[in-house]
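A short write-up of the structure that comes next.
The values are calculated or read from the model by the stated rules, or taken from the named source; none is laboratory data. What you see is a predicted model, and the numbers here were worked out from it, not measured in a lab. We place every Cβ from the backbone using ideal geometry, glycine too, and count neighbours over all the protein chains shown.
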Amino acid sequence: MNRREFLATSAALTLYPNVAWSKSRSLRLAPARQSLVGEANPATDVWAYNGAVPGPELRFRQGERLKVAVQNALGVETTVHWHGIRLPNAMDGVPHLTQPPIAANGGRFVYEFDLPDAGTYWYHPHLGSPEQVGRGLYGALIVEERDPPAVDRDIVWVLSDWRLDREARNVEDFGGFMDSSHAGRIGNTVTVNGAIRETFPVRAGERVRLRLINASNARIYGLSFEGHEPWVIALDGQPVAPHWDGRVVLGPAMRADLILDCTAAPGSRHRVIDDFYSRRAYRLLNIEYSKEGPLRDFFQPAPRLRPNAIPEPELATAARHRIVFGGGMMGAMPSQREHRGLFWTVNGKPVPEDDHAHAPLLTLGKGKSCVFELVNDTSWHHPMHLHGHVFRVVSKNGKAVMPQQWADTVLLDPDSRAEIAFVADNPGDWMLHCHVLEHQATGMMAVVRVA
Ligand code: C2O
Ligand code: CU
């Protein structure tokens with residue numbers, strides 16, 4: 001059954017207001033069943049944090065200390081990675097590299113660290129990721145500003161996709177050869193906060209802060225909002241000068257904070273379109289206006305968020321490193337005789353996901369400015385993610401990236417390159433990897449040591 005068939009059979013679902021200000025501070029992993037495609041269809045077997053996909057929206061205030069007790073009731077080991085947070089290495093959730101895995105059938109681990117930066121982040125396992133994330137393990141981690149901008153609602157959309165069969169079962173072909181050596185596991189059903197959504201109800205004159213999180217294994221989103229020009233005010237949680245380019249592109253793991261001013265007429269409806277894959281464009285949902293009169297008819301300019309205190313790299317004196325990503329179908333795939341099941345390389349070398357003990361690709365001097373030239377020598381997109389740091393996206397294909405931005409994940413187009421720069425100020429062993437989880441698991445990762 002494809003998405004359209006599901007839509008036809010599912011009753012109009014409204015987007016439930018988020019459980020904001022959640023005080024949940026523990027995560028229990030267990031199998032669950034969830035209605036992804038409407039009550040009229042069978043529920044899907046998923047793996048969930050606290051019984052639902054996505055897991056609880058964890059909200060903290062900037063400067064607070066996060067403490068989350070994790071209990072693993074799954075039959076497999078896991079870890080929790082706090083994507084985008086500048087945290088101590090021991091709390092980073094990478095098995096063997098930074099902690100022992102949390103044992104199956106009852107293992108526990110307590111994560112505890114300070115939250116230096118406000119922004120939109122998320123959490124997910126860092127072990128067996130193609131399957132564990134593909135079965136539904138992910139959730140939003142929101143760090144609120146000390147002085148948040150005035151909005152009428154602050155809403156998270158966790159975007160995800162699933163490969164479902166006609167009975168709405170998640171097809172259990174995780175980590176297959178085709179997906180791993182091509183674009184990754186792109187599903188056939190896109191969900192917003194764990195279900196197909198028909199509508200996003202709004203009121204005329206509302207100002208909504210919309211936090212988008214791409215929690216998909218491999219799907220890239222390119223969202224436009226018919227009849228609206230939302231402002232992008234943050235990327236990967238980090239403030240950016242408010243701007244709108246017609247659509248917002250999010251590779252796996254990437255986030256964007258939008259200010260959606262509801263400027264259209266009461267009673268009107270407008271499509272949110274995802275046309276990243278142009279021949280497979282579809283309607284994500286409708287923005288549906290209530291009949292009520294407008295809440296206001298004048299909007300203040302988009303708010304500018306206060307930047308987080310991230311050290312600015314010194315480009316002129318930075319140590320430069322060229323890192324080449326290779327392999328994949330139609331590329332220089334590693335010899336399958338030598339490297340069975342590994343399809344991708346970093347500087348010519350494929351690294352298996354379960355080998356977290358390997359030597360670091362690079363050692364960076366603590367406190368030093370660095371520039372990485374990331375070269376995508378493949379025919380595929382790769383969202384490259386660095387742990388423990390936030391970097392400047394300096395240029396893409398030699399052209400300066402504007403407006404200036406910080407990020408923890410940068411999307412490399414096929415046969416392209418990007419320069420990122422950062423101060424290596426966080427000691428430890430940090431992953432640098434592709435966030436197409438099937439690529440990560442089949443060679444596209446490395447360890448960067450800061451010492
Ligand atoms: Cu979102 Cu290495 O992870
Ligand atoms: Cu990749």
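Here are a few things to note about the model shown:
- Test: residue 69 is crowded, with 20+ Cβ neighbours inside 10 Å and part of a strand (DSSP E or B): no
- Taking the numbered list (1) more than 16 Å from ligand 1 (Cβ to nearest atom); (2) on the phi < 0 side of the Ramachandran plot; (3) buried (at least 19 other Cβ atoms within 10 Å of the Cβ); (4) under 24 Å from the mean Cα position of the chain (by Cα) in turn, residue 385 passes all entries but (1).
- Scanning segment 59-79 for residues that are in contact with a Ser or Thr (Cβ under 9 Å, 6 or more places away or on another chain) and within 15 Å of ligand 1 (Cβ to nearest atom) yields one hit, 79.
- Within segment 175-192, one or more residues are modelled with pLDDT under 95, within 26 Å of residue 73 (Cβ to Cβ) and not β-branched (Val, Ile, Thr).
- Selection from segment 440-451 of residues that are more than 13 Å from ligand 1 (Cβ to nearest atom) and assigned to a loop (DSSP other than H, G, I, E, B): 451
- Criterion: among the hydrophobic types (A, V, I, L, M, F, W, C), touching a residue at least 24 places away in the same chain (Cβ under 8 Å), closer than 28 Å to residue 183 by Cβ and within 16 Å of ligand 1 (Cβ to nearest atom) - qualifying residue of 82, 157: 82
- All positions within segment 268-316 that are at pLDDT below 95 and either in the same structural domain as residue 257 (by TED's automatic domain parsing) or in contact with a Ser or Thr (Cβ under 6 Å, 6 or more places away or on another chain) (or both): 278, 279, 280
- The number of residues in segment 392-416 being in contact (Cβ under 8 Å) with a residue 40 or more places away in the chain and farther than 20 Å from residue 276 by Cα comes to 8.
- Any strands (runs of 3 or more DSSP E) falling wholly within segment 307-381 and containing at least 3 residues that are away from ligand 2 (no atom under 16 Å from the Cβ) and under 26 Å from the mean Cα position of the chain (by Cα): 368-376
- Of all residues making up segment 33-53, the number that are in contact with a helix residue (DSSP H, G or I) (Cβ under 8 Å, 6 or more places away or on another chain) and part of a loop (DSSP other than H, G, I, E, B): 4
- Residues that are of a type in the set (A, V, I, L, M) and more than 13 Å from the chain's Cα centre (by Cα), drawn from segment 143-163: 143, 150, 151, 155
- Residue within segment 174-193 that is farther than 16 Å from residue 53 by Cβ and of a type in the set (Ser, Thr, Tyr) present: yes
- Residue in segment 97-105 that is touching a residue at least 40 places away in the same chain (Cβ under 8 Å) and either closer than 25 Å to residue 439 by Cα or part of a strand (DSSP E or B) (or both) present: yes
- Residue, farthest from residue 126 (Cα to Cα), within segment 79-101, restricted to residues that are surrounded by 19 or more Cβ atoms within 10 Å (Cβ to Cβ) and either touching a Lys or Arg at 6+ places or on another chain (Cβ under 7 Å) or of a type in the set (Gly, Ala, Ser) (or both): 84
- Residue count for segment 425-439, restricted to those that are surrounded by fewer than 24 Cβ atoms within 10 Å (Cβ to Cβ) and more than 13 Å from ligand 1 (Cβ to nearest atom): 4
- Restricting attention to segment 388-415, the residues that are more than 16 Å from ligand 1 (Cβ to nearest atom) and either in a loop (DSSP other than H, G, I, E, B) or at positive phi (or both) add up to 10.
- Test result for residue 418, of a type in the set (A, V, I, L, M, F, W, C), in a strand (DSSP E or B) and within 16 Å of ligand 2 (Cβ to nearest atom): yes
- Of residues in segment 229-268 being β-branched (Val, Ile, Thr), in a strand (DSSP E or B) and in contact with a Gly (Cβ under 9 Å, 6 or more places away or on another chain), the one surrounded by the fewest Cβ atoms within 10 Å (Cβ to Cβ): 249
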